[in-house]
Amino acid sequence: MESIRVAAHKLPSSVLVPALRYTFSLPAGPARTILDDVTKPRRRHRPWFKVVHSKGNWHGAWIGEGMQTKTEPEIHQLCKDADIVLFNVHGGGFRLGKPTMYMECYISWLEALKAFGLKVLMMSVHYGLAPEHKYPEPLEDVVRAYRHLIWDMGITSQKVVMTGDSAGASLLLETLLLSNDPENFKLAKSSKTTPKQFVESALPRPAGIVAVSPIMTDVTTSNSWKENIKYDFISQHTADVIKQDYIPEELLAKGDGNRFMRIADMDSGFKSWMPPHMLCYLGGKEVLLDDGREFALKVQNEDINVTLVIEPDCIHDWVCVRETVRDKEIIRKADQTFAHFINEIVQINILKRNQYLSPMVEELIFIPTELDPVIPEDEEEEPVAESALNELSESDELFSDSYHEDSGSMTTITSPARTSIDDKSFYWSDPDEYLERLEERLKTMRSEVSL
């Protein structure tokens, strides 16, 4: 079977995409049989993960270098010592998948972060799959797991970054929305949930979220649905099957649909429940492109630091389903962007611990990432703190010269004052040199403010 799985991973996209489209359209049972076998971790992946069956708290796998032989106390200590803990929820249309299904992607992320000298491990969550477990049971599983990480294990939310693809990203977004206000759980609790089993007070937000091709709505009328359905492995039939399997009959009868889909209808209020940093990957040929891009723009308009990566020739979930991408340079850049995004969060945490960021300055500051070094020339510091703050909040001088247009296919959104959204690329230069310069600037501003 190992050789069959290896051969499946080497299929050309012209064969793989129709095969995925067929698999996802099947009833849950046969679809799981096929997908679980193809995505089963290979021998070289096994040292990287340890499966967890924790009664009443969470199920899933810890993923990290040498994780297979670690004991529970050792894993707990690794979490305490880590720079970042990735809280991961896999995709699969709410019906398919396992927490170790994308090991090639997960290991690449961890290795890219190790190159920055960061200590990182992943908590990859298993949740109940539809149709056996309909909404909101999978959501409850994810919230319990996050609660366990934050409350039971005592891991500070400021070093947690959520990662999820497709349905997993949707579950994370709804987890953020609902856990911000426990009153929302009165609308979402399933009949199987008792108050002692669920969250009765707000959970702290993580430092950031990485959303890969998030499912935002069950509506399939956008232009990208019409234009890209011929390219993608997500079909209209698959969307109908997901809706039928995942959403309880009583909600369908009422026309309520899946309640997480209200996020797609929101126009404001994101800053009250979203983390301060979001990285979103979309494919230019995926049916969910318009929904994901619209969400990213709405979030960005509330001064949340959003990095949006759109690969024009890629389809749904291309970052995790890497076999659909012919040009492996695209994957390499995607992994580098991920690593730079996480490193930003770590560096911001370091600055906070060193007390260089006052709350006023923190709201104004944004550390952009990117790939190709173009270092801006040093600018003369103004002696007055108010001028320095105005420079950061109102002027583009510090940032505009730090970008250059690139002929590649990656589109990055930073913040409204920094770049426009179009089909070009904007790459940030050496983040270490920028951080050194930023740190000196913040020291100056802090001393001026204290006067």
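For residues that are touching a residue at least 24 places away in the same chain (Cβ under 8 Å) and in a helix (DSSP H, G or I), scanning just the range 223-238, find the one that is surrounded by the fewest Cβ atoms within 10 Å (Cβ to Cβ).
Residues of the range 223-238 touching a residue at least 24 places away in the same chain (Cβ under 8 Å): 223-225, 228-229, 231-235, 237-238.
From what's left, in a helix (DSSP H, G or I): 223-225, 228, 237-238.
Numbers: N223: 9, S224: 21, W225: 20, N228: 21, H237: 11, T238: 22.
So the residue we want is N223.
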Practice task
Report whether or not E302 is assigned to a helix (DSSP H, G or I) and either more than 14 Å from the chain's Cα centre (by Cα) or more than 28 Å from P41 (Cβ to Cβ) (or both).
Solution key: no
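Return yes or no: is V299 in contact (Cβ under 8 Å) with a residue 12 or more places away in the chain, touching a strand residue (DSSP E or B) at 6+ places or on another chain (Cβ under 6 Å) and within 15 Å of L173 (Cα to Cα)? It would help to see each step written out before you state the result.
Details: in contact (Cβ under 8 Å) with a residue 12 or more places away in the chain: yes; touching a strand residue (DSSP E or B) at 6+ places or on another chain (Cβ under 6 Å): yes; within 15 Å of L173 (Cα to Cα): yes.
When the stated conditions are applied, V299 passes them.
Determine whether A31 is over 22 Å from the mean Cα position of the chain (by Cα), at pLDDT below 95 and buried (at least 16 other Cβ atoms within 10 Å of the Cβ).
Values: over 22 Å from the mean Cα position of the chain (by Cα): yes; at pLDDT below 95: no; buried (at least 16 other Cβ atoms within 10 Å of the Cβ): yes.
Against the criterion (over 22 Å from the mean Cα position of the chain (by Cα), at pLDDT below 95 and buried (at least 16 other Cβ atoms within 10 Å of the Cβ)), A31 does not qualify.
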Handout entry: Residue check, G66 in the same structural domain as P206 (by TED's automatic domain parsing) and within 29 Å of A264 (Cα to Cα)
Key = no
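Taking A211 as the residue in question, decide whether it is at pLDDT 95 or above, within 30 Å of N343 (Cβ to Cβ) and in a helix (DSSP H, G or I).
On the way: at pLDDT 95 or above: yes; within 30 Å of N343 (Cβ to Cβ): yes; in a helix (DSSP H, G or I): no.
For A211, the condition - at pLDDT 95 or above, within 30 Å of N343 (Cβ to Cβ) and in a helix (DSSP H, G or I) - is not met.
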Problem - Out of A31, A112, sole residue that is closer than 22 Å to I209 by Cβ and in contact (Cβ under 8 Å) with a residue 12 or more places away in the chain - result: A112
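Given the condition in a loop (DSSP other than H, G, I, E, B), assigned by TED's automatic domain parsing to the domain that holds H45, aliphatic (A, V, I, L, M) and touching a helix residue (DSSP H, G or I) at 6+ places or on another chain (Cβ under 7 Å), answer yes or no: does some residue in the range 119-128 qualify?
Just the residues of the range 119-128 that are in a loop (DSSP other than H, G, I, E, B), to begin with: 119, 127-128.
From what's left, assigned by TED's automatic domain parsing to the domain that holds H45: 119, 127-128.
Then keep just the ones that are aliphatic (A, V, I, L, M); that gives none.
No, the range 119-128 contains no residue that is in a loop (DSSP other than H, G, I, E, B), assigned by TED's automatic domain parsing to the domain that holds H45, aliphatic (A, V, I, L, M) and touching a helix residue (DSSP H, G or I) at 6+ places or on another chain (Cβ under 7 Å).
So how many residues does the range 129-165 have that are β-branched (V, I, T) and either modelled with pLDDT under 95 or assigned to a helix (DSSP H, G or I) (or both)? Give the steps one after another, and end with the answer.
Looking only at the range 129-165, we keep the residues that are β-branched (V, I, T), and these are 142-143, 150, 155-156, 160-161, 163.
Going one step further and asking which of them are either modelled with pLDDT under 95 or assigned to a helix (DSSP H, G or I) (or both), we end up with 142-143, 150.
Here the count works out to 3.
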Problem - Pick from the range 166-208, criterion farther than 20 Å from G154 by Cα and not in a helix (DSSP H, G or I), ranking: modelled with the highest pLDDT - result: S166
Exercise for the section: Could you list all residues from the range 59-81 that are surrounded by fewer than 18 Cβ atoms within 10 Å (Cβ to Cβ) and in a loop (DSSP other than H, G, I, E, B)? Expected result: E65, G66, K70, T71
Problem - Subset tally (residues that are part of a helix (DSSP H, G or I), touching a residue at least 24 places away in the same chain (Cβ under 8 Å) and not hydrophobic (A, V, I, L, M, F, W, C)) for the range 305-348 - result: 11
Problem - Given (1) part of a helix (DSSP H, G or I); (2) modelled with pLDDT under 95, number of the condition H53 does not satisfy - result: (1)
Practice task
Consider L86 carefully, then state whether it is assigned to a helix (DSSP H, G or I), under 21 Å from N343 (Cβ atoms) and touching a residue at least 24 places away in the same chain (Cβ under 8 Å).
Solution key: no
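The values are calculated or read from the model by the stated rules, or taken from the named source; none is laboratory data. All values derive from a computational prediction rather than experimental measurement. Note that each Cβ is placed from the backbone with ideal geometry, even for glycine, and that neighbours are counted across all protein chains shown.
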